[in-house]
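The values are calculated or read from the model by the stated rules, or taken from the named source; none is laboratory data. In this text, all values refer to a predicted model and were calculated from it rather than measured experimentally. FYI the Cβ positions are ideal-geometry reconstructions off the backbone, even for glycines, and counts take in every protein chain you see. With ligands, DNA and RNA removed, areas are computed over all heavy atoms of the protein, side chains included. Shrake-Rupley method; radii C 1.70, N 1.55, O 1.52, S 1.80 Å.
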Amino acid sequence: STQSTGESEGRMVAVAVWLVVCVFVGAVSSGEPAALVMMKPTPFGHRPSECILEVPNGAHVEEGEANTVIITHPLGRTWRHTVDPICSDPLYAPFVDTQRHTQPLQPRQQWKGAPPGNQSCNEMPCTCDSLPCNNWIDTAGWMLSPYDEGPYIGGYSTVMSVPAMPKSPNKGQTLFYFNGAENTDGMPRHGSPQPSGRAILQPVLTYAPQTNCVGSSPTSKTGWCIASWYCCPKNLTVHSTYLGDVNPGEKWLGLFNLTSPSVFETVSRNVESGVETKLSCPRQGRNFNWADATLEVYAVNSCDEFAVGPMTFTQNKLWDEHGDPMEPKWLTTGKKVCGGTTTINQETGDITITHSIDVSVRPSAESPRPFSV
């Protein structure tokens with residue numbers, strides 16, 4: 001069947017050991033018994049395992065008819081993957097309404113000195129201020145101003161420096177570092193603009209020795225891995241093959257680019273070896289107006305679970321849909337727990353995110369909650 005073919009070619013992420021959030025819910029169809037839904041961390045929030053799809057390196061992913069996604073292998077073979085209905089259920093769809101957030105989504109105040117159209121990602125639910133955290137925590141972001149007038153973002157490249165492993169490396173934590181872009185309604189991480197809804201393109205450097213990196217190829221020996229992500233065709237979270245040969249001190253290019261008027265490509269590439277993992281997707285009328293460099297974390301409960309040392313995004317370059325350079329005016333989140341800072345080098349444009357393992361923190365009594373973008 002098309003379902004089984006899709007799963008054999010573009011396998012669902014399935015690993016032996018996952019830190020998951022288990023939720024008992026009523027089935028999507030009425031009359032069925034409650035089911036245990038295994039929620040797994042992604043750069044788009046916790047998602048049911050049925051809603052995470054790994055595709056071959058270099059694959060093209062686009063929406064098909066009904067609840068299908070069409071995957072084209074770089075060698076030319078095309079098949080359809082049938083999306084599980086749970087992925088569109090209001091409880092689990094990736095882009096959520098106001099009532100879905102742990103706190104009401106209020107209009108965010110502009111940062112001091114921000115030009116019109118630039119709005120803050122410096123408070124909940126756009127970021128978190130305490131541990132445990134399941135969310136963005138540190139970010140440098142830029143909103144096009146005006147947000148609804150082009151030319152829009154056509155690409156963004158950066159070089160990510162892999163930090164040292166956490167002092168407590170096997171606590172089940174997941175760390176996502178990425179540069180990304182979204183088509184928003186003028187607020188970071190917000191809205192579902194027509195005609196095709198909001199999408200996110202991200203090359204994602206990941207520390208997750210007990211979660212995402214378990215299924216990497218080759219198997220990660222350091223807990224670090226990397227993949228390119230696209231969210232969310234037919235409410236499916238898609239990523240390219242995870243590369244596991246990622247080591248502290250290495251430099252990886254993170255890039256997305258409008259390679260033709262109608263196609264975006266997202267690439268994660270080792271600067272020295274040239275090894276890469278990538279995917280592409282159609283533009284579908286989307287106008288990308290928000291760019292960011294971010295640390296997003298899951299199941300981080302103490303300071304020693306953050307990576308040791310700085311993570312620096314260097315050689316940051318943005319260009320518009322015509323290929324002309326763009327000059328972002330980055331806005332950063334403020335000071336965070338465990339000495340968390342996001343700084344901009346005014347001379348080079350480098351973005352550095354750092355957390356100190358020496359800063360004590362008293363975790364909240366609450367358990368970490370799933371968070372959707």
Can you tell me which of (1) without any contact (Cβ under 8 Å) to a residue 24 or more places away in the chain; (2) touching a Lys or Arg at 6+ places or on another chain (Cβ under 8 Å) is the one Ala199 doesn't meet?
(1)
In region 22-61, which residues are of a type in the set (A, V, I, L, M, F, W, C), farther than 26 Å from Gln173 by Cα and at pLDDT below 90?
Ala27, Val28, Ala34
Residue tally, condition among the acidic types (Asp, Glu) and under 17 Å from the mean Cα position of the chain (by Cα), over region 175-208
1
Checked against (1) closer than 24 Å to Gly150 by Cα; (2) part of a strand (DSSP E or B), Ser228 satisfies every condition except (1)
In this structure, is Thr237 among the polar types (S, T, N, Q), over 30 Å from Ala66 (Cα atoms) and within 17 Å of the chain's Cα centre (by Cα)?
no
In region 128-157, anything buried (at least 23 other Cβ atoms within 10 Å of the Cβ) and hydroxyl-bearing (Ser, Thr, Tyr) is listed as Thr139, Tyr156
Where a residue in region 42-60 is without any contact (Cβ under 8 Å) to a residue 40 or more places away in the chain and its partner, wherever it lies, is open to solvent by 10 Å² or more (accessible area, probe 1.4 Å) and assigned to a strand (DSSP E or B), with Cβ under 6 Å and at least six apart
Ser49/Met38; Ser49/Lys40
Do we have any residue at all in region 210-224 that's part of a loop (DSSP other than H, G, I, E, B), in contact (Cβ under 8 Å) with a residue 60 or more places away in the chain and either in contact with a Leu (Cβ under 7 Å, 6 or more places away or on another chain) or over 22 Å from Thr277 (Cα atoms) (or both)?
yes
Answer residue from region 42-71, given it is among the charged types (D, E, K, R) and open to solvent by 10 Å² or more (accessible area, probe 1.4 Å) and is farthest from Cys232 (Cα to Cα) among those:
Glu65
Quick test of your reading of the structure: Glu182 fulfils all but one of (1) open to solvent by less than 10 Å² (accessible area, probe 1.4 Å); (2) over 19 Å from Pro48 (Cα atoms); (3) touching a Gly at 6+ places or on another chain (Cβ under 8 Å). Name the failing condition by number.
(3)
Hey, among Val246, Val204, which residue is of a type outside the set (Lys, Arg), assigned to a loop (DSSP other than H, G, I, E, B), surrounded by 24 or more Cβ atoms within 10 Å (Cβ to Cβ) and touching a residue at least 40 places away in the same chain (Cβ under 8 Å)?
Val246
